[in-house]
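Following: one structure in structure tokens, then a few remarks.
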Amino acid sequence: MELQGKVIAVLPERSGVSQRGEWKSQDYVIETHDAYPRKMVFGVFGADRISRFNIQIGQEVTVSFDIDAHEYQGRWFNNIRAFDVRQVDPASVGMQPGVVPGAAFGAAPAAAPTQPAAPAQPAAPVAEDKVDDLPF
């Protein structure tokens, strides 16, 4: 999945040691440019990816990510892990035809063509000799 937005927070880096060796992870928050902006927290795992993506607050980025869930003590938790983060030129946001920022959450509704309203027609006079043939 992909989502485009502006980085609004860079959370503290986490690290530790597992059976496979040392690991590092860092979470980021982006906000979309939809009519009703949405926020998403995503994680980047691995020191090499963290330094390669070099994500900074205020950057416009497109995030490619996978969503997974895990269970811990009877509760379920989502995990959104980025596998690619590309910087986007801020001047081109919303300017590309056919690209809707935040399209990962569903396409924006198409705008209805605007046409001038037809002038109101006066009600036709009812002839008194007309018979109402409705059964009710």
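Does Ser92 fit the bill of being over 18 Å from the mean Cα position of the chain (by Cα) and modelled with pLDDT under 95?
So Ser92 does not fit the description; no.
Could you please find all residues in the stretch 38-63 being exposed (fewer than 14 other Cβ atoms within 10 Å of the Cβ) and in a strand (DSSP E or B)?
Lys39, Val41
Going by what's in this entry, would Lys6 be described as among the charged types (D, E, K, R) and under 12 Å from the mean Cα position of the chain (by Cα)? Spell out the reasoning first.
Numbers: among the charged types (D, E, K, R): yes; under 12 Å from the mean Cα position of the chain (by Cα): yes.
Against the criterion (among the charged types (D, E, K, R) and under 12 Å from the mean Cα position of the chain (by Cα)), Lys6 qualifies.
Please pick out the residue among Ala35, Ala69 that is over 15 Å from Val10 (Cα atoms), of a type in the set (Gly, Ala, Ser) and assigned to a loop (DSSP other than H, G, I, E, B).
Going through Ala35, Ala69 in turn, just one is over 15 Å from Val10 (Cα atoms), of a type in the set (Gly, Ala, Ser) and assigned to a loop (DSSP other than H, G, I, E, B): Ala35.
Val29 passes all but one of (1) of a type in the set (Val, Ile, Thr); (2) within 20 Å of the chain's Cα centre (by Cα); (3) over 26 Å from Ala91 (Cα atoms); which number fails?
(3)
Which residues, taken from the stretch 1-43, are over 13 Å from Val61 (Cα atoms), in contact with a helix residue (DSSP H, G or I) (Cβ under 6 Å, 6 or more places away or on another chain) and touching a residue at least 40 places away in the same chain (Cβ under 8 Å)?
Met1 - this is the single residue of the stretch 1-43 that is over 13 Å from Val61 (Cα atoms), in contact with a helix residue (DSSP H, G or I) (Cβ under 6 Å, 6 or more places away or on another chain) and touching a residue at least 40 places away in the same chain (Cβ under 8 Å).
The values are calculated or read from the model by the stated rules, or taken from the named source; none is laboratory data. As the structure is a computational prediction, the values presented were derived from the model and not from experiment. Every residue, glycine as well, gets a Cβ built from its backbone with ideal geometry; the counts of neighbours run over all protein chains shown.
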